[in-house]
Every structure is written in structure tokens, then in C-alpha cells.
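See below for the structure under consideration.
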Amino acid sequence: MWYLLAPTVLGIAGGVLLRLLRGAHLPSLDRRSAALTAAAAGASSLAMVVYSLSAVFAVSGVIPLYAFPWDAYVAVRYLLPLLVGILAVLALGIPARNGSVSGAQLTRRTWTSFLGRSWILALLLALGVVVAVTVAAGLASQRDDAGHFTRYVVELGPGSMATTIYGWHLSVGPLVAVGVLLVATVVALAGIARPPHPEDLEADIARRRLRSANVARIATGALLLHLATVLRSVARTAGATLMVGAESGEQFRSGTSFAALAPVLQGAALLTGAIGLALWILTALSCRSRHDQTARQPASA
């Protein structure tokens, strides 16, 4: 039970802690961007928390097992973080309301103009791991009775066992969603960079950097949350065992070729899930800076 709760608890705690540590350095967003950030990232985080905790409630008996929609829960597990991430990224890319333009600006701005290299590297690293795990699981999969690559076979002498794996059939939809997420991320970043600067150039650059970082956080978090689901699935496959009895009464046991990786995969799933949710929580909390809160205190006093 603790394992199911750990990614959610650690993700929420990590996001709040990062916000407290970085709060003094965050610029204030304009009202539209702040509202969109709070709504998009907050709703995304809430959706993942509710989805994760629903299974915990079902297993613990809070929700009757027979009444829980297991088919729907399993059907969306790989796609949910990516689809929610796409919607959130597009919402964060909606143009802000700028003041009067400062004049002619000849500097060419691209989607990378306000995005740090560290976020580009983080996004590419998360993407690379997702693709690598997907390809590895796909190559290990075999056709099932329906002709789909969703089966992994363990053989031991005359006996054999088949279990499910995140094969090519299950990864097609998520891979398409990953491609859409990347396109949406570039579109959102370009939308943030393209409009002309207002008169307060320094503050506007700071806001655009924060908004661009938030887009990268949502996209990277979506990839990590998806990766966590895939790793949990592959870990369950790695833990499958086959026991065959001989005529002499002896019992022989065999497992998957990557059975030793099961604990590593479980730990990696916990870590990536917690980091992904923490990035979304941090994004939701970045809509207000300490400067905003301090400025409102005299008015409310």
C-alpha cells in the first residue's frame, strides 16, 4: 500500500518544497498568465492525484472492488499523463496581455529564446529514456492470440507461461501522444516568445522565462509520469515466474530474462513519478510570487 501512495506523497511534498525554496526568485506573472498557470497546472496535478489515489482506495476497501472501473483505469494509464500534459502546455502558451509596445524590436526571437539549456536537456533526456524503454519492451514482446504484440513468454523445459508486457501494440498510442506533446511544447514556447516586448523590458523577459520554464516543466513532467507507468508495468512483467513440476516430485522455477531488474524498475518508477508530479505542483504554485503576496498585505491590513 505504501508504494502506491509514495509517488503522490513525495511529488506533492517535493513540489511544495521547491516552491518554498525558489519563491523569492520567481517574477510575478500578469493576471491572465497567472490564472492560466494555476488552472492548467493545478487541474493537471489534481487529475493525476485523483487517478493515482483511486486505485489505492479500491485496494484498501474504501471503494468496493466490484464497483471500481478497472477496465477504464487500465485503458487510460499510459495516455492520461500525456493527454493532460498536452492540454496544459497549450493553455500555458496562450499569449499574455502586454502593455504598450516599447518600439521597433529587430531581435529575432525563437521558441528557445527564453528557455534555458538545462530545460532543453531535461526534456530531451526524459524523451530519450521514454523511447529507449518503449523500444526495449517492444522488442521483447511477442504476438498474442489476437496478433498483437502484448505477450512475453517464459519457457522452462516442457512448460511455458505467457504474461503481458508493454509491447508495440500498447505503445503506439502513447508514442503518437508524445509526438503531439513535443509539437504542442514548441508551439507554446514560440507563442510566448513571439509577441513584442512592452515598455518594461526587464520584467517582461523575466516573465517570459518563467512561462517558458513552466511549459518545459509540464512537458517534462508528462513524460516522466508516463514513464513511471510504463516502468511499473515492465516491473510487473519482470517479476513473473514459472514453476514446473518433474515426475520425481521436484519443483523447478524460472523467471524472465530481466527478473533481476524488477526492484530497480520499481524504484525508478517511484522516483520518476514523484519528480513528474513535483514539476506539475511547482508550476501550479508559480502563479504567485512572494512579491505579489507582500504587495497585497498593506492593502488588506
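Here are the numbers for this structure:
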quantity	calculated
In the range 212-242, the residues that are in a helix (DSSP H, G or I), over 19 Å from residue 82 (Cα atoms) and either open to solvent by 20 Å² or more (accessible area, probe 1.4 Å) or modelled with pLDDT of 95 or more (or both)	236
Scope the range 148-190; condition polar (S, T, N, Q) and either more than 30 Å from residue 116 (Cα to Cα) or surrounded by fewer than 13 Cβ atoms within 10 Å (Cβ to Cβ) (or both); matching residues	150, 160, 163, 164, 171
Residues that are aliphatic (A, V, I, L, M), under 19 Å from residue 219 (Cβ atoms) and either at pLDDT 90 or above or in a helix (DSSP H, G or I) (or both), drawn from the range 1-39	18, 36, 38, 39
Qualifying position, being at pLDDT below 95, assigned to a loop (DSSP other than H, G, I, E, B), surrounded by fewer than 11 Cβ atoms within 10 Å (Cβ to Cβ) and among the polar types (S, T, N, Q), among 248, 257	248
Residue pairs meeting the criteria (Cβ under 8 Å; at least 6 apart or on separate chains; first within 11 Å of residue 231 (Cα to Cα), in the range 245-274; second at pLDDT below 70)	266/3; 270/3
Among (1) under 22 Å from residue 236 (Cα atoms); (2) open to solvent by 50 Å² or more (accessible area, probe 1.4 Å) - the single one residue 68 does not satisfy	(2)
Residue count, the range 46-63 (criterion: open to solvent by less than 60 Å² (accessible area, probe 1.4 Å) and over 13 Å from residue 87 (Cβ atoms))	10
Output for the range 10-38, where each listed residue is more than 13 Å from residue 285 (Cβ to Cβ) and surrounded by 15 or more Cβ atoms within 10 Å (Cβ to Cβ)	10, 27, 28, 30, 33, 36
In the range 110-147, the residues that are surrounded by 13 or more Cβ atoms within 10 Å (Cβ to Cβ), without any contact (Cβ under 8 Å) to a residue 60 or more places away in the chain and not hydrophobic (A, V, I, L, M, F, W, C)	138, 141, 142, 143, 144
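The values are calculated or read from the model by the stated rules, or taken from the named source; none is laboratory data. The model shown is predicted, which means the values in this text are computed figures rather than measured ones. Note that we place each Cβ from the backbone using ideal geometry, even for glycine, and neighbour counts take in every protein chain shown. The area values use the complete protein model at the heavy-atom level, side chains included, leaving out ligands, DNA and RNA. Shrake-Rupley method; radii C 1.70, N 1.55, O 1.52, S 1.80 Å.
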